[in-house]
Amino acid sequence: DYVVVKMIPDNRLPPRHLHAVRTGKTFAVIKWESPYDSPDQDMLYAVAVKDLVRKTDKIYKVKSRNSTVEYTIKKLEPGGKYHVIVQLGNMSKESSMKINTVPLSAPDALKIITENDHILLFWKSLALKESNFNESRGYEIHMFDSLMNITAYLGNTTENFFKVSNLKIGHNYSFSVQARCLYGGQMCGEPATLLYDELGTGKDSSATKSGRATDVAAIVVPVLFLLLVTLGIGFVVLYMRHRRLQNSFTAFANSHYSSRLGSAIFSSGDDLGDEDDEAPMITGFSDDVPMVIA
């Protein structure tokens, strides 16, 4: 024998297994299960979103007959903190959770350039990769002194550079740049951090790799150019000498060419360098000149 028992649905129960599936900069996907399995009718849920930073509330209505419900909360702010409450529309028991949206990214290409009595921080505009960032919001800059073990807030700017003065010799500093925090410093962007040290030697260590690369390029490029010019001139000189030697030899060979023999005739090396060789060769004697024999 057996008995089939059907439980009476209790609409006073809270939604089950409320959790976040995915969070982004401006949205969050949440999921929950109905208070009881296999609802036989549409169930109306109230999703309340409390902004813990701005202290504001929003309520959304979701109707579904499914046992598992997935809902996307939109129009959130990057780096925000929210308290989400889900319950049936009849104000039954509730399920709640907290979610934090993804903050804005850190600025790219943070670099340091050393001047005589100060340094300059440079970075790329965050608006180039973050559509949710407006330059009017600006950036804020922090500095950490490792020797004193203190962190200082240097200020904010809407530009893509910042001047830092009054640094102490022998101290190592870490600088961070991030999207300016909103509403009491609770909605901030991810910081870009860079180490600056070796102040005693006037160098900027790894923080000024770009500056060093520029200086090296300024030296290497002219040197390579001079080497190329020198090599080019050397090749031209060698080519001209080769042509001159070739032309001289051709002229010399042509001047000693005998058409009767069909070849060139050269004297022996014993006669080379003798100034008398330049005198005209005596080819014969005239009949009216007497020959005297000693």
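Just so you know, all these numbers are worked out from the coordinates, no wet-lab data involved. Everything numeric here is computed off the predicted structure, so don't read it as measured data. All Cβ positions, even for glycine, are placed from backbone atoms using ideal geometry, and neighbour counts span all protein chains on display.
Quick notes on this structure:
- With coordinates expressed along the principal axes, the C-alpha atoms belonging to the stretch 16-100 extend over 39, 23, 17 Å, beginning with the largest.
- Take each peptide in 95-104, 123-132, count the other Cβ atoms within 10 Å of every residue, and average; sorted highest first, the result is 95-104, 123-132.
- Relative to the Cα centre, the charge distribution of the stretch 16-100, modelled as +1 at Lys and Arg Cβ and -1 at Asp and Glu Cβ, gives a dipole magnitude of about 460 debye.
- Part-to-part distance (alpha-carbon centres) for the stretch 85-128 and the stretch 11-49, which is given in Å: 27
- Summed over all non-identical Cα pairs, the Kirkwood treatment of the stretch 108-197 gives a radius of 13.7 Å.
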